[in-house]
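Heads up: the structure comes next, in C-alpha cells.
The values are calculated or read from the model by the stated rules, or taken from the named source; none is laboratory data. Bear in mind the structure is a predicted one, so any value in this text is a computation, not a measurement. Quick reminder, even Gly has a Cβ in these numbers, built from the backbone with ideal geometry, and neighbours come from all protein chains shown.
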Amino acid sequence: MKKICFIGFGLFTIGGCQRVTISLANSLCEKYETHLLSLCEVPKNHSYNVDEKVKVHSFGMPLNMRARKSFTLFPKLIKFLRKNHIDVLFIAGSLPIPLVSMVKPFVKAKIVFCDHENLAGRDKKSVLFRKLACMISDKVVVLTKQTLSDYKKSLGIKNDKIEQIYNSVDYVPEFKSDVSEKRIISVGRISFEKGFDMAVDVAETVFEKHPDWAWDIYGDGPDFEKIKSKINEKNLQNHLFLKGADPNVRSKYRDYSICVLPSYREGFAVVLLEAKISGLPVVSFDCNAGPGEIINDGVDGYLIPCYNTKAMAEKICCLIESDELRKSFSAHSCDNIEKFSSKNVVAKWCNLIDGM
C-alpha cells in the first residue's frame, strides 16, 4: 500500500483549499495510507470531518506564523517523511513550497504540487513560488482547463508534468431549493479577489427594482468591515446582509432561489457547483478561472462579462422577475455535473498516484 501525505500551512483553518484537501484525503484513504500534515496547530474546534483512517499530524506552529518561519521546520519535515515512509507528498497551496524545496534532495518521496488557485492577477512573489513548485515537483495538478493553458503559456511547463483535475463535490443535499424564496445567496472569503465590493454595486441596482428581495453573503475575511461600511453607505443594510462564516453553509442553499458569484478571480468556484447541486440558478462573472467550465450560459445560469455590474444586475432581475426562468434553470442545474463527481475525480487521482 502506497503512503501519501498532504502538507499544508494551516490545513484545518476555514478555506476552500483546506476543505477540498481534507475531502480528497477522506476519499483516498481506502486505497492508500493517508496522512494530513499541518505546519500550524490544529484548532480544537475545527469543523472538518476527517475519516478515522486518515492520520492527522501537526508541527504545532502558531496560525499567525509568517511563512518564512517555516524554514525552521526543515529537520522536522525530513524526519517525518522518513519515519512514515511517505511515497508521495502533495503540497496543498503555495505556502509550503519553499520548505518542501529544501527537503526534496534529502527524501525519496515524489512531490506533487496542487495549485488551488490560478495565475491571473498574481503578484511576482506568488508567481515565483509557482515557478519553484514546477521545478521541484514531479507533477503539478491544476483545477481548470484555463489554468492548465496559463501554466503552459506563462511558466513553460511541459505536458507530461502537468495535469488538470477538477475538484469534486461529494455533497448530496437532503432537499433541493424550489426557487420560490425571495432570497439571493453568495458564499466566499470576504477579501478583495471575491469581488464583494462589486456585489454591493449590483445590489443597489437590484433592490431599486425589487425591494422585497434579500441578499445574504456568507463568509469572513479581512475586508468584512470595509464591505459592511459600503453597505451602510449605500443604505442597503435592510437588504444586503453579511452573515459571517458558517461551516454548514452548504445546507443553506435550499433556502434561496439564486446564487451570485461576483469574483474578480477564482481558483475553481466550487460554490457554483454546490449551488447547482442544490438546484439554484447561478449568476457569475466569467472570470479566470472556473465559472466558464461550470455554467452553461443561458441554460442553468448566466456568465456575465467581467466586470459589468450593470449586466449582472440586469440578469439577476431577469431571474427575479420570472418564476418560470428560475424553474427552468433549476431543472437543468445538474446537466453537466457528472464530470465533477467524486467517482470520476478520485479515479483520476488514483491514476496519478499509481503512475508515480
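Structure notes:
- Filtered by the rule that a residue be at pLDDT 95 or above and farther than 19 Å from D115 by Cβ, the stretch 31-49 gives K31, Y32, E33, T34, H35.
- Restricting attention to the stretch 131-152, the residues that are of a type in the set (G, A, S) and crowded, with 20+ Cβ neighbours inside 10 Å total 2.
- Exactly one residue among S251, S263 is outside any helix (DSSP H, G or I), within 16 Å of I185 (Cβ to Cβ) and within 19 Å of the chain's Cα centre (by Cα), and that residue is S263.
- Single unsatisfied condition, D354 versus (1) within 20 Å of the chain's Cα centre (by Cα); (2) farther than 22 Å from R254 by Cα: (1)
- Members of the stretch 215-247 found to be under 18 Å from the mean Cα position of the chain (by Cα) and in contact (Cβ under 8 Å) with a residue 40 or more places away in the chain, listed by number: D220, A245, P247
- Selection count where residues are over 15 Å from A92 (Cβ atoms) and touching a helix residue (DSSP H, G or I) at 6+ places or on another chain (Cβ under 6 Å), scope the stretch 13-58: 1
- Among the residues listed as S251, S263, the single one being buried (at least 19 other Cβ atoms within 10 Å of the Cβ) and small (G, A, S): S263
- Answer residue from the stretch 188-209, given it is among the basic types (K, R) and under 20 Å from the mean Cα position of the chain (by Cα) and is surrounded by the fewest Cβ atoms within 10 Å (Cβ to Cβ) among those: R189
- Among (1) small (G, A, S); (2) touching an Asp or Glu at 6+ places or on another chain (Cβ under 9 Å); (3) under 20 Å from P96 (Cβ atoms), the one test that G121 misses: (3)
- Apart from one condition, K276 fits all of (1) closer than 17 Å to N308 by Cα; (2) modelled with pLDDT of 95 or more; (3) not in a strand (DSSP E or B); the exception is (1).
- Within the stretch 64-75, the set of residues being of a type in the set (K, R) and either surrounded by 16 or more Cβ atoms within 10 Å (Cβ to Cβ) or under 23 Å from the mean Cα position of the chain (by Cα) (or both) comprises just one member, R66.
- If only residues of the stretch 279-304 that are over 17 Å from the mean Cα position of the chain (by Cα) and assigned to a loop (DSSP other than H, G, I, E, B) are counted, the one that is surrounded by the fewest Cβ atoms within 10 Å (Cβ to Cβ) is G298.
- Just so you know, in the stretch 7-63 the residues that are in contact with a Cys (Cβ under 7 Å, 6 or more places away or on another chain) and part of a loop (DSSP other than H, G, I, E, B) include one that is surrounded by the fewest Cβ atoms within 10 Å (Cβ to Cβ), and it is P62.
- Members of the stretch 199-215 that are outside any helix (DSSP H, G or I) and either of a type outside the set (D, E) or touching a helix residue (DSSP H, G or I) at 6+ places or on another chain (Cβ under 9 Å) (or both): H210, P211, W213, A214, W215
- Checking every residue in the stretch 216-228 against the condition of being closer than 16 Å to C259 by Cα, assigned by TED's automatic domain parsing to the domain that holds F196, touching a helix residue (DSSP H, G or I) at 6+ places or on another chain (Cβ under 7 Å) and not charged (D, E, K, R) gives at least one match.
- Residues that are touching a helix residue (DSSP H, G or I) at 6+ places or on another chain (Cβ under 8 Å), not hydrophobic (A, V, I, L, M, F, W, C) and not in a loop (DSSP other than H, G, I, E, B) within the stretch 168-197 comprise R183, S186, D197, listed in sequence order.
- Residue selected from the stretch 107-119 under the condition over 15 Å from the mean Cα position of the chain (by Cα) and farther than 16 Å from L352 by Cβ, by the criterion surrounded by the most Cβ atoms within 10 Å (Cβ to Cβ): V107
- Selection within the stretch 86-106 - small (G, A, S) and under 23 Å from the mean Cα position of the chain (by Cα): A92, G93, S94
- For L155, the conditions (1) on the phi < 0 side of the Ramachandran plot; (2) crowded, with 18+ Cβ neighbours inside 10 Å; (3) of a type in the set (A, V, I, L, M) are fulfilled apart from (2).
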